[in-house]
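K.L.:
Right, I'll just put the structure down here and ask away after.
What follows is calculated from the coordinates using simple rules that are stated; it is not laboratory data. If you're wondering where the values come from, they're calculated on a predicted model, not measured in any experiment. Note that we place each Cβ from the backbone using ideal geometry, even for glycine, and neighbour counts take in every protein chain shown.
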Amino acid sequence: MAGRPKKTHSGLAPLESAVMDVVWARAAPLSVRQVLDDLNSRRPEPFAYTTVMTVMNRLVAKGVLHRSGAARRYQYEATASDAAAIATREVIQTHGDAAIAHFVSEAKADPDLLRRLRALLDEETR
């Protein structure tokens, strides 16, 4: 019996993770074609355009990618800076205030972490 596909970045399937790696590496809005070309440049068996397009649309539905532009001219960009940001967002969305309260509780036990957290909060509220 075949097992489930291995998850990689924060619960993303392998091809979803590979797409996100391309998007994060380029750090600019990309078309499906640009992502496809990058992925296929490292593979002996190329992905089909429609496969990558479907994966990217699923990532939009998951809130991991943002799509802008018009049909046939769509550009995609990450909604989070990396896999850790996606994981953090998922934890907060799933567990809400309890996750934040636990994080603060953990930070209180680590003075250096608490200092960094305060600095980040101060920076964000300026």
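K.L.:
Over the chain, what is the mean sequence separation of C-alpha contacts under 8 Å (at least six apart), divided by residue count, expressed as relative contact order in percent?
P.N.:
19
K.L.:
With equal scatterers on the alpha carbons only and no solvent term, can you work out the Debye log10 of I(q)/I(0) for the stretch 83-124 at 0.31 1/Å?
P.N.:
Here the Debye-derived log intensity ratios amount to -1.02.
K.L.:
To test your reading of the geometry: what angle, between 0 and 90 degrees and rounded to tens, separates the Cα axis of helix 83-108 from the longest principal axis of the chain?
P.N.:
10
K.L.:
Right, here's the next one. For Ala71 and Asp21, compute 0.36 nm times the residue count separating them, minus their Cα-Cα distance, and round to one decimal in nm.
P.N.:
Gain on extension, Ala71 to Asp21, equals 15.6 nm.
K.L.:
Give the relative contact order (percent, whole number) for the stretch 9-78; include only Cα pairs under 8 Å separated by 6+ residues.
P.N.:
RCO, the stretch 9-78: 34 percent.
K.L.:
Over 26 Å apart: what share of the alpha carbon pairs of the chain falls there, rounded to a whole percent?
P.N.:
Percentage above 26 Å: 37.
K.L.:
Hey, in the GNM for the chain with a 10 angstrom Cα cutoff, which one of Ser68, Ser17, Ser105 fluctuates hardest?
P.N.:
Of Ser68, Ser17, Ser105, the most mobile in the Gaussian network model is Ser105.
K.L.:
I need the trypsin sites (Lys or Arg not before Pro) found in the stretch 4-81, filtered to DSSP loop residues with at most 10 other beta carbons within 10 Å of theirs.
P.N.:
Here the sparse-neighbourhood loop sites are Lys6, Arg42, Arg72, Arg73.
K.L.:
For the chain, give the magnitude of the charge dipole about the Cα centre (Cβ charges: +1 Lys/Arg, -1 Asp/Glu; no others), in debye to the nearest 20.
P.N.:
Roughly 460 debye for the chain.
K.L.:
Hey, could you get me the Stokes-Einstein D for the stretch 9-78, Kirkwood radius over alpha-carbon pairs, 37 °C and 0.692 mPa s, rounded to whole µm² s⁻¹?
P.N.:
274
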